[in-house]
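*Asks:* First the structure, which I've put down as structure tokens, then a few questions once you've had a look.
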Amino acid sequence: MTSIYEQALGAEFAKLHPRIQQRFGFSSSDRIASIGHGVMERVWYSKWALLPLFLGTFRHIMFPNGGNNIPFTIENYAYIDSSGRETITWIRKFEFPGIVRHFDATMVFSKRRQAIVDYLGNKQHLAVDLDLSVAPNGGLRICSGEQRFYEGKLQFVFPRLLTGCADVCEWYDDERDCYKISVCVSNKLLGTVFRYQGSFQASFIPAEEETIPIGIKPLRSESRE
């Protein structure tokens, strides 16, 4: 089975750095997971966004914490969800003094949209279209697009002016022999909302779907894309 990122990028996938291809090139049929450990050199948030970021902590969607040299882990597991879709987890943990914050997501490739859909949080209420491209440094660049809310019979598209647009780049630094990542979430009117940058090492471990640890898969699965 082809990874969701290769499906989204097509022939462009081969232009990624080999180590980035490795990290984004596996699927559930490979029965492996990518586990990363590192440090975020800086985590920052805008004080005006404190309340919405705090509310996001209840669903593992960002958080109102900042600091330097924050220990960080990321867990990417591949599995087939209840709707039969190839799915990749993004379980990010930031170890601030006295508290661990989560920023979780699950991604699928939508054949209808011909793009990756990113479900934010641990209950998949927020669905975000992602645009993928190859960065000049061989990294993977991800930019967010339309955002939708799903809860029971309720569903709607967020107005662009009320959303945060994410610009993410993950690449491999050959000199330092590590992965690097930069994330910036901004609002068109109010500017930067949240950002972090740092580096990590990633290992690949055997991972059968039935042995995926508790807390990795979302608490709720949404079939609407």
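The values are calculated or read from the model by the stated rules, or taken from the named source; none is laboratory data. Just so it is clear, the model here is predicted, and its values are computed rather than measured. No Cβ is skipped: glycine too gets one built from the backbone with ideal geometry, and neighbour counts run over all protein chains shown. Note: accessible area is taken over every heavy atom of the protein model, side chains too, but ligands, DNA and RNA are not part of it. Shrake-Rupley method; radii C 1.70, N 1.55, O 1.52, S 1.80 Å.
*Asks:* Give the residues of region 87-101 that are farther than 12 Å from I216 by Cα and open to solvent by 20 Å² or more (accessible area, probe 1.4 Å), sorted by residue number.
*Replies:* E95, P97, G98, I99, V100, R101
*Asks:* Can you list the strands (runs of 3 or more DSSP E) lying wholly within region 71-148 that have 1 or more residues being touching a Leu at 6+ places or on another chain (Cβ under 7 Å)?
*Replies:* Result: 99-110, 115-120, 126-134.
*Asks:* Is it the case that K47 is out of contact with any Gly (no Cβ under 6 Å at 6 or more places or on another chain), within 27 Å of I20 (Cβ to Cβ) and among the basic types (K, R)?
*Replies:* Criteria not met by K47.
*Asks:* Counting only residues that are within 19 Å of the chain's Cα centre (by Cα) and surrounded by 11 or more Cβ atoms within 10 Å (Cβ to Cβ), give me the strands (runs of 3 or more DSSP E) lying completely in region 150-225 with at least 1 of them.
*Replies:* 165-173, 178-187, 191-206
*Asks:* Now a separate question. Please find, among I74, I35, the residue that is open to solvent by less than 10 Å² (accessible area, probe 1.4 Å) and either at pLDDT below 95 or closer than 29 Å to S223 by Cα (or both).
*Replies:* The conditions single out I74.
*Asks:* When region 1-32 is examined, which residues are found to be hydrophobic (A, V, I, L, M, F, W, C), in contact with a helix residue (DSSP H, G or I) (Cβ under 8 Å, 6 or more places away or on another chain) and in a helix (DSSP H, G or I)?
*Replies:* Listed by number, the residues that qualify are F13, A14, F24.
*Asks:* A follow-up question, please. When both residues are 6+ apart or on different chains and their Cβ atoms are under 6 Å apart, which pairs have a first residue that lies in region 45-64 and is aromatic (F, W, Y), and a second that is at pLDDT 95 or above?
*Replies:* Close Cβ pairs satisfying both conditions: Y45/L53; Y45/P64; Y45/G66; Y45/F194; F54/P64; F63/L53; F63/T57; F63/R101.
*Asks:* Can you go through D104, D81 and tell me which one is in contact with a Lys or Arg (Cβ under 9 Å, 6 or more places away or on another chain), of a type in the set (D, E, K, R), surrounded by 20 or more Cβ atoms within 10 Å (Cβ to Cβ) and under 16 Å from L120 (Cβ atoms)?
*Replies:* Among D104, D81, only D104 is in contact with a Lys or Arg (Cβ under 9 Å, 6 or more places away or on another chain), of a type in the set (D, E, K, R), surrounded by 20 or more Cβ atoms within 10 Å (Cβ to Cβ) and under 16 Å from L120 (Cβ atoms).
*Asks:* Of the residues that make up region 47-64, is at least one in a strand (DSSP E or B), modelled with pLDDT of 95 or more and at negative phi? First the steps, then the outcome.
*Replies:* To start, the set of residues in region 47-64 that are in a strand (DSSP E or B) comprises none.
No: zero hits.
*Asks:* Would you point out which residue out of R141, R85, R92 is basic (K, R), farther than 23 Å from R42 by Cβ, touching a strand residue (DSSP E or B) at 6+ places or on another chain (Cβ under 8 Å) and without any contact (Cβ under 8 Å) to a residue 60 or more places away in the chain?
*Replies:* R85 is the lone residue from the list that is basic (K, R), farther than 23 Å from R42 by Cβ, touching a strand residue (DSSP E or B) at 6+ places or on another chain (Cβ under 8 Å) and without any contact (Cβ under 8 Å) to a residue 60 or more places away in the chain.
*Asks:* Here is a check on your reading of the model: is R42 open to solvent by 20 Å² or more (accessible area, probe 1.4 Å), farther than 23 Å from V128 by Cα and either charged (D, E, K, R) or in contact with a Leu (Cβ under 9 Å, 6 or more places away or on another chain) (or both)?
*Replies:* Values: open to solvent by 20 Å² or more (accessible area, probe 1.4 Å): yes; farther than 23 Å from V128 by Cα: yes; either charged (D, E, K, R) or in contact with a Leu (Cβ under 9 Å, 6 or more places away or on another chain) (or both): yes.
Against the criterion (open to solvent by 20 Å² or more (accessible area, probe 1.4 Å), farther than 23 Å from V128 by Cα and either charged (D, E, K, R) or in contact with a Leu (Cβ under 9 Å, 6 or more places away or on another chain) (or both)), R42 qualifies.
*Asks:* Still on this structure, I have one more. Tell me the residue from V100, V108 that is hydrophobic (A, V, I, L, M, F, W, C) and more than 15 Å from the chain's Cα centre (by Cα), please.
*Replies:* V100
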